[in-house]
Amino acid sequence: MKKIIAIDGHAATGKSTQAKKIAKYLGYKYIDSGAMYRAVTHYCLINGWINKLINLNSILENLKNIDIQFKTLNNFQITTLNGNDVEGYIRKMDVAKNVSKIAAIPEIRSFLVEKQRQIGLKNNVVMDGRDIGTVVFPETENKFFLTASIEVRAERRHEELKLNNESIDFSTVLENVKSRDLDDTSRLTSPLEPAEDAIIVDTSNYSVNEVFDKLISLIKG
Ligand code: DC
């Protein structure tokens, strides 16, 4: 296995911003594991498998047809699903509303965890997610768990959605972040929790650069 830096934490704590910066700084590959769960959710939505009930049989039968890759386009990393750029779609609210249900399905987790481990066999990686330090790469030495207050996180996510041209009121975003916290921490398979040896970093009162400096000094130290 190559060098792995695991960055886990609650939704909208700045994990992906930090993971991207660290990967660039160290010359490692950046892997957004949340994008993989989002891409599977998008695939299920476009195929009509998520309604009041989830069509689990169809989803599981078709997992083998799902190919998720990360590519660089105009200096930005994008997620592709079966060769198509789905970056814009997977950040939308309909995916955000359904992704926790998809991420709670054990077979989908095993499928994506296996893909994440394969990437880590071939590359030095900074990977962000919920279970990277606990399940995907429990043996790595560099494990961080980012957290921040719920209001700060909802504000950050709201700004992100606005940049993505989605006009959604703040209270809806706040409710979505709250319900995803609940779903992430209460699911039976790989619930969100810090690994015993993870370093917990509260980002509420710090700028992106301050958090980055702290993480880099911990990695180097
Ligand atoms: O980091 P994010 O908000 O893009 O993640 C989207 C969803 O995917 C989130 O609700 C939790 C889930 N997820 C997960 O269960 N395990 C991961 N390693 C990454 C994300």
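Computed values, structure above
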item	result
Complete set of residues in segment 105-134 that are aliphatic (A, V, I, L, M) and out of contact with any strand residue (DSSP E or B) (no Cβ under 9 Å at 6 or more places or on another chain)	Ile108, Val113, Leu121
Some residue of segment 25-45 being free of Cβ contacts under 8 Å to residues at least 12 places away in the same chain and over 14 Å from the mean Cα position of the chain (by Cα)	no
Every residue from segment 179-197 that is in contact (Cβ under 8 Å) with a residue 24 or more places away in the chain and away from the ligand (no atom under 14 Å from the Cβ)	Asp197
Some residue of segment 181-189 being touching a strand residue (DSSP E or B) at 6+ places or on another chain (Cβ under 7 Å), within 25 Å of Val135 (Cα to Cα), in a loop (DSSP other than H, G, I, E, B) and among the hydroxyl-bearing types (Ser, Thr, Tyr)	no
Lone unmet requirement of (1) among the basic types (Lys, Arg); (2) at pLDDT 95 or above; (3) open to solvent by 50 Å² or more (accessible area, probe 1.4 Å) for Lys52	(2)
Total residues in segment 155-197, condition out of contact with any Pro (no Cβ under 8 Å at 6 or more places or on another chain), within 26 Å of Ile5 (Cβ to Cβ) and among the β-branched types (Val, Ile, Thr)	1
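The values are calculated or read from the model by the stated rules, or taken from the named source; none is laboratory data. Note that the structure is a prediction, hence the values are computed from the model and not measured. Positions of Cβ are generated from backbone atoms using ideal geometry, with glycine treated the same way; all protein chains shown enter the neighbour counts. When the accessible area is computed, the model is the full protein with side chains, heavy atoms only, and any ligands, DNA or RNA have been set aside. Shrake-Rupley method; radii C 1.70, N 1.55, O 1.52, S 1.80 Å.
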